[in-house]
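**Student:** I'd like to ask you about the structure that follows.
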Amino acid sequence: MSLSHRLKRKRPGIVTYAAVMMFMLAGFASIAALAGLVRPEGFDGFWIQTETVGLVAYGLFDLILAIGAFYAGLRILKGGIVGFGLGLIFAAMGAARWFLLIVSAPVAALVVSFLWFLVIVGLLMNVDYFS
């Protein structure tokens with residue numbers, strides 16, 4: 001399918017939903033990255049201590065997730081195969097991030113994981129839009 005034909009086709013609503021969810025993931029992950037990397041109680045002389053190494057690593061993961069999800073959202077809106085692949089990867093990473101919280105917040109983790117499942121299903125159902 002050529003680029004001009006893809007531009008004439010209307011984008012499916014679930015694909016737009018997937019792109020919006022990627023932007024939301026980028027926003028929430030950037031806030032979580034800031035919380036993990038910039039801690040006011042960590043400025044007492046030694047920034048990285050034994051207790052904070054896990055929090056800093058989790059903050060770096062969230063920073064990578066935020067940048068990647070924002071780029072994936074842009075690529076999903078453009079409709080290329082790169083957007084499809086990145087959307088699947090970062091939706092799976094977003095769901096995996098919430099699976100880590102299933103013990104402490106089971107209802108929220110299940111609801112958000114279901115939303116990411118909808119993103120994955122929506123992308124897979126419209127693979128012809130991306131090709």
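The values are calculated or read from the model by the stated rules, or taken from the named source; none is laboratory data. Bear in mind that the values here come from a model prediction, so they are computed numbers and not experimental data. When we count neighbours, we look across all protein chains shown, and the Cβ atoms used for this are built from the backbone with ideal geometry, even at glycine. Only protein heavy atoms, including side chains, enter the accessible area calculation; ligands, DNA and RNA are left aside. Shrake-Rupley method; radii C 1.70, N 1.55, O 1.52, S 1.80 Å.
**Student:** So TYR58 ticks every box in (1) modelled with pLDDT under 55; (2) part of a helix (DSSP H, G or I); (3) not aliphatic (A, V, I, L, M) but one. Which box is left unticked?
**Tutor:** Going through the list (1) modelled with pLDDT under 55; (2) part of a helix (DSSP H, G or I); (3) not aliphatic (A, V, I, L, M), TYR58 breaks only (1).
**Student:** Starting from residues that are open to solvent by 60 Å² or more (accessible area, probe 1.4 Å) and not charged (D, E, K, R), keep the ones in region 119-131 and report whichever is farthest from TYR17 (Cα to Cα).
**Tutor:** In the first step, residues of region 119-131 are kept if they are open to solvent by 60 Å² or more (accessible area, probe 1.4 Å); the result is 124-125, 127-128, 131.
Still in the list and also not charged (D, E, K, R): 124-125, 127, 131.
On the way: LEU124: 13, MET125: 13, VAL127: 15, SER131: 19 Å.
Out of the qualifying residues, it is SER131.
**Student:** Among the numbered criteria (1) surrounded by 14 or more Cβ atoms within 10 Å (Cβ to Cβ); (2) of a type in the set (Gly, Ala, Ser); (3) without any contact (Cβ under 8 Å) to a residue 60 or more places away in the chain, which one does ALA108 miss?
**Tutor:** Against the list (1) surrounded by 14 or more Cβ atoms within 10 Å (Cβ to Cβ); (2) of a type in the set (Gly, Ala, Ser); (3) without any contact (Cβ under 8 Å) to a residue 60 or more places away in the chain, ALA108 comes up short only on (1).
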